[in-house]
1. When the chain is fully extended, how far beyond the present Cα-Cα distance does Asp59 get from His83, taking 0.36 nm per residue of separation?
2. Whose amide H sits under 5 Å from the amide H of Met12, counting only residues 5 or more places off or on another chain, with H placed in the peptide plane?
3. Which far-off residues, 5 or more places away or on another chain, put their amide H under 5 Å from the one on Gly84, with H placed in the peptide plane?
4. Report the calculated FRET efficiency for Asp96 and Ser69 (r = Cβ-Cβ distance, R0 = 30 Å), to the nearest 0.05.
Amino acid sequence: MTDGFMGPPWQMDWTLDARSAFEAVPAHVREIVLAARVALVTAKDPYFRGIETDACLPDGTQIMPVRSSDPKGARLLLFDDEHGWLKYTFVPRIADPQIIVEEFFWLGVEPPTKPPSEPA
């Protein structure tokens, strides 16, 4: 335990339902989420408040509050160009601050593939 408030990198914990949903998605989706996770756990402010605070997030991802009237409440990390999201809260405890992923959802949109070529 430290004497003051701990900073990044933050600990991240998942509910069992969110973890099992994350593990069930295809590998390319997990890679997107893991890249966004790196930005999230190393962010100075896990609430991502202010202008241009999400510049460190991978392309196709963004963070927004679940309710604008609750500035320190749950957040949505939208990924895969808004085809999926994870809902998280930040618990700013002195001893062990952490991010808790409460829900995970992916719409199931596979990346486009080339149409089969016609035989010659």
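1. 7.3 nm
2. Counting only residues 5 or more places away or on other chains, the set is Ile99.
3. Answer set, sorted by chain and number: Phe79, Leu107.
4. The calculated FRET efficiency here is 0.60.
A short reminder: the numbers here are calculations on the coordinates, not readings from a lab. For clarity, every value in this text was computed on a predicted model and none was experimentally measured. Virtual Cβ from ideal backbone geometry, glycine too; neighbours counted across all protein chains shown.
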